[in-house]
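The values are calculated or read from the model by the stated rules, or taken from the named source; none is laboratory data. The shown structure was predicted, so the numbers you read here are calculated from the model rather than taken from an experiment. Cβ: placed from backbone, ideal geometry, glycine included. Neighbour counts: every protein chain shown. Calculation scope for accessible area: heavy atoms of the full protein, side chains included, ligands and nucleic acids excluded. Shrake-Rupley method; radii C 1.70, N 1.55, O 1.52, S 1.80 Å.
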Amino acid sequence: MDEHNIQDDDKDKEALAGLSSVPPPQRKMHSYSQQLRANSAHKRHHQVRKHSLDDIPKPSDHYFNNEDSSDDDFFARNSNNASGEDYIITHSQRLDQNLSLDSGCPPDDSRNFQPLPEFIGAGGTNSIFKVPMRATVHPRRPPCLELRPHPLRETQVGKFLRNIACTDKQLWAGQECGVRFWRFQDAYQPGLGTKVRRGDEDAAPFQESGNTAPTICLLVDSANRLVWSGHKDGKIRSWKMDHAADEPSPFKEGLSWQAHRGSVLSIVMSSYGDLWSGGEGGAIKIWPWESIEKSLSLRPEEKHMAALLVERSFIDLRSQVTVNGNCNISSSDIKCLVSDRVRAKVWCAQPLSFSLWDARTKELLKVFNIEGQTENRVDMPSSDQGGAVEDEMKVKFVSSSKKEKSGGFLQRSRNAIMGAADAVRRVATRGAGAFAEDNKRTEALVLAADGTIWSGCTNGLLVQWDGSGVRLQDVSHHPCAVQCFCAFGARIYVGYVSGMVQVMDLEGNLVAGWMAHNGPVIKLAAGDGYIFSLATHGGIRGWSISSPGPIDSLLRTDLAEKEPIYSRQDNVRMLVGTWNVGQGRASQEALMSWLGSVVSDVGIVVVGLQEVEMGAGFLAMSAAKETVGLEGSSIGHWWLDTIGKALDENTTFERMGSRQLAGLLVSLWVRKSIRTHVGDIDAAAVPCGFGRAIGNKGGVGLRIRVYDRLICFVNCHLAAHLEAVNRRNADFDHIFRNMSFSRSSNLLNNAAGMVRLLFFCCSLAFSTYLFRLLYSSGLPLVLSVAAGASAAVQTTRVTNAAGVNTEETKLDLAEADMVVFLGDFNYRLFGISYDEARDFVSQRCFDWLREKDQLRAEMKAGKVFQGMREAIIRFPPTYKFERHRPGLAGYDSGEKKRIPAWCDRVIYRDNRSGPVDECSLECPIVSSILLYEACMDVTESDHKPVRCKFHSTIAHVDRSVRRQAFGEVLQVNKKVKAILDELRYVPETVVSTNNIVLQNQDTSILRITNKCEKDKAIFRIVCEGQSTVKDEEDTAEYHPRGSFGFPRWLEVTPAAGIIKPEQSVEVAVHHEEFHTLEDLVDGIPQNWWCEDTRDKEVVLTVSINGSCSTETKSHQIRVRHCFSAKTVRIDSKSSTNKKSQGGSRKISSSSDAIDDSRN
């Protein structure tokens, strides 16, 4: 092993020696003891160098003009200051000024700063390091209507949108404090600006309700012009659709009642107009339409009575199928309910099972699992068991380290191992099979136009079922979890947690797909010719139903031409500081010198610290805390508070966020004056220590949105030692590829993931325990570390293997508009001795020293920080110093005499793919460096703090103005209008009759024929209303049930479907006597007295659509139920035209089909 290490060391030295062929500058052998003379008339005699900053002269003026021929890979850019403001930085009198680029300025003198020259690394055009493509209009997805642009997350606390649903004229959204709606006619209007709260300034005009409990689900009842909502407090509320534009806001709720003890998770109207609701613990309740209709008819002052009337009418389906404490359906929470109107059934989806119900009789028809296998009985576990076990898993491991501290390290390690192992055992006893199926949990359900049901799983699997629950096929087009569905015409839209929206045909073939949002798509809804998508951040976009298609290129071209109208530019200055504090603490004076003195013109401050806290025990505990979602330490909080004081926190700056991984800490502050434009902060961490699991080395990052552009800051601490160049390069690559700011990837939401983490915790604790045990028994340190690390690495490999994603996904850092790396990168100077390095530093020969910089050489070769930029270094190496020794005399003079090195750096990449790109929507962030220096007067650590000031010009879109431009294109462009007009086409159809008379138990056949030769016709039959025929009157009022449901005595099968060209479909219209168990007492109907012998009449509407049409044509069929001739008189006037009064409808007696166009 030793020989192998020696060979590797020799190879590394040979490689380092060949990295640069630039000869050193000419100097005398005794130049170590000389000083360069200042560029002034006064000359001093040669003297022995004291390694003090006091004697280092200021550089000459020509040094600032970038006339150094050795820096041929960087360029100096002119200022790209759109606002024309001056770059003014006033420096205080500090010793370290003499070593910075701007140290030529006299104290308190202000001048215009030009951007500093930069060095650019090679390899920026390769694979993941390529600058992300930006465009005026996104080229990889269809142009969209941004009804509500992406709001900053911080503005949505307590107001997040969680659901959307479309009516014929509105889009409704359920939020955490109520509901709101947009009118389609106002969709292209400008935003309300400051008239609304933050986050909605650029949204189209909307109206909002009063505050309620968080809204979880929505249901549109077009028949009664109502929108129903289910809430977290267990209530169901109704809202009327028709609000006047000038109606005062907030509007109020209508009927509401307490439906569940817990949250109402899903609501749906069945084919017979009953309201079904699903809740926690597998609860399913039915609210009969008769009681709802009665409550809706009561006056507002009778609101309390109306609520009681509905509350007492429910049917608890779970209790009906529970026998001796066992239930036929699972006790898991209801994921979604879907009404199968084709066959009058209701589907209930739970994470791992389905139940199928008859909408008319309320009977349980079938229970089956996600594999399609029928289940007879499922035991009811305790509803709190799962949560208790998970809490135990979290607390057990964390608290184990706090017990029996007097027992020593070995005892604490043993307690940690036993506690974690016990938690794993308890979770495993819940059933190993559950974890195997966990990645197939059902998340969404939808009814397609052909009558099949599609379900979506957490692993991206899409499963097709027939109407009786038989599994037909499964397809997979995307590896991420399915979140929602939407069916429109002959297409099925699928929303994923990755932000992807895909379009499938009815056979499951992929038609198209695009990245709709940069966050999970949690709901889809169809309306007004659009498919609207709601992202988890609250943004709503509308996608034309004709997309993808020719309309996309037309819209994209016209919108790009209007760029000057909606394009905006803003300037932001950012201060980025990095410091390896070496487990020390800084004085307030040191922090003011480092940060506080240069923030007067800065809008964003980012601070990265390394070695905040170290030690084997702390690192092990930090890794254990990370596995259960905990991070941070008391010392970390001390640093945050202390830095906040230096930045005048809460008065001038506001702390946005921070992230700590072991000894790494990154934090971000924003000036309050630009706080409204900065938000969406996310954090991430990537360990690079033992087995890529320990945080002694690694990276922590923060991602923010500034003027709608993403900027990432990554604080790194890479592998140490001169010879570990390749390891440092690998650490960077590992961080770049694995840093994920996605919340779903940072938080584990399932028990299977928790088990894997617990096994990792056990292995980590065991490896630490093994290391300490072997070392204490006399085994050499190296072998002890190797044994412990090996145990952790092997387990890490096993746990990672289960979650490997073979598909290449976009990396968060690669997709950001600007990425800033800061930290202790640990790259050293090679090919130079300690004395030579100190001599060149004292002479300010930084040009030649830069050629000996490992990081510069690796960047030139394209091996690390590919395509990234760094200002030319003109300050002394920042490592290694003896604490509390000022000046260059503080360089390490101990036994090891570590060669000074620029370990502490700031490197960045913006949107520029070339050296002179101008800021625009195609290149939205263009940055330059105004200041790059080390604070040499700070002596609290063996490293010097470094700071870098950026000036960034950011191009962004005025979303409100662009939405107006989008609407203008739709109205003006003739080709676009022609395409939209084509969507109005509906195939011609005829019906065999529009008058049906049924006796008891009679069945009549209604034939619908598609006369079109090429296009399919999609039909749907609903009941416009029911009326009791009166002998004495000529008019009848037709009262619709919920969502145009059928009366209980009428069966229509199938009530929806597809008719192929030049073919027909036969629909059975059947009368069936019906009484539920609740209607009978001793076998006699309770309401027999009101079921008189008068005829009943309903109006069926057959709605016809094309495969992808926005227009609807309809046929109306009158169905009359007559009793036997002995008890019924058929009015001779019953077939005449009836006048429309109030809620009544005009019915034709003609035998010809009625074609009535409706939008």
Study note, to complete from the structure: Against the 2.2 N^0.38 Å rule of thumb, the C-alpha Rg of the range 586-681 sits at a ratio of 1.16
Point to revise | For the range 111-244: relative contact order, % (alpha-carbon pairs under 8 angstrom, 6 or more apart) | key: 17 percent
**Study point:** Shape metrics for the range 120-251, restricted to C-alpha atoms - Rg then Dmax, Å
**Key:** 18.9, 66
Review point. Which loop trypsin sites (Lys or Arg not before Pro) in the range 139-247, with loop taken from DSSP, have no more than 15 other Cβ atoms within 10 angstrom of their Cβ?
Key: ARG140, LYS169, ARG197, ARG198, ARG225
Study note, to complete from the structure: Counting only protein heavy atoms with a 1.4 Å probe and every protein chain in place, the carbon and sulfur fraction of the accessible surface of the range 252-361 in whole percent equals 50 percent
Check your understanding: Looking at this model, which pairs from LYS974/LYS1113; LYS335/LYS440; LYS335/LYS366 are more than 22 angstrom apart at the alpha-carbon?
Key -> LYS974/LYS1113
Exercise for review: State the three equivalent ellipsoid semi-axes of the range 631-730, derived from the C-alpha gyration tensor as the square roots of 5 times its eigenvalues, in descending order and whole Å.
Suggested key: 28, 16, 11
Revision key, fill the gap. Averaged per residue, the 1.4 Å probe accessible area of the range 813-932, protein heavy atoms only, in Å², is roughly 24 Å²
Review point. With contacts defined as alpha carbon pairs under 8 Å and 6 or more residues apart, what's the relative contact order of the range 188-261 in percent?
Key: 24 percent
Revision key, fill the gap. The correct ranking of TYR707, TYR985 by accessible area at 1.4 Å, largest first, is TYR985, TYR707
**Study point:** Table column - 3J(HN,Hα) (Hz), the range 141-157, Karplus curve with 6.51, -1.76, 1.60, x for Gly and Pro
**Key:** 8, x, x, 10, 8, 8, 5, 9, x, 3, x, 5, 4, 5, 7, 9, 4
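Per the Cauchy relation, a quarter of the hull surface: what is the mean projected area of the convex hull of the alpha carbons in the range 902-988, in nm²?
11.9 nm²
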Review point. Which GluC sites (Glu not before Pro) does the range 960-1017 hold that lie in a coil by DSSP with at most 11 other beta carbons within 10 Å?
Key: GLU1013
Exercise for review: State, as an integer percentage, the relative contact order of the range 440-543 based on alpha-carbon contacts under 8 Å between residues 6 or more apart.
Suggested key: 17 percent
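Where the accessible area of the range 834-970 is counted over protein heavy atoms with a 1.4 Å probe, how much of it, in %, is carbon and sulfur?
Looking at the range 834-970 in its full context, I get 45 percent from C and S.
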Check your understanding: For the range 643-677 and the range 512-541, what is the separation of their Cα centres, given in Å?
Key -> 33 Å
Check your understanding: How many percent of the accessible area of the range 440-543 is carbon or sulfur, using a 1.4 Å probe?
Key -> 49 percent
**Study point:** Dipole axis of the range 230-304 (+1 Lys, Arg; -1 Asp, Glu on Cβ), positive-most option in ALA244, VAL264, PRO288
**Key:** VAL264
Review point. Per 10 Å bin, what percent of the C-alpha pairs of the range 916-965 does each bin hold, from zero upward?
Key: 21, 27, 22, 16, 10, 4
Practice item. Could you provide, to the nearest whole Å², the per residue accessible area of the range 440-543 with probe 1.4 Å? Key: 26 Å²
Revision key, fill the gap. FRET efficiency (ASP835, GLU375; Cβ distance; R0 56 Å; to 0.05) is 0.10
Practice item. Place a +1 charge on the Cβ of each Lys and Arg in the range 440-543 and a -1 charge on the Cβ of each Asp and Glu, then give the dipole magnitude about the Cα centre in debye, rounded to the nearest 20. Key: 300 debye
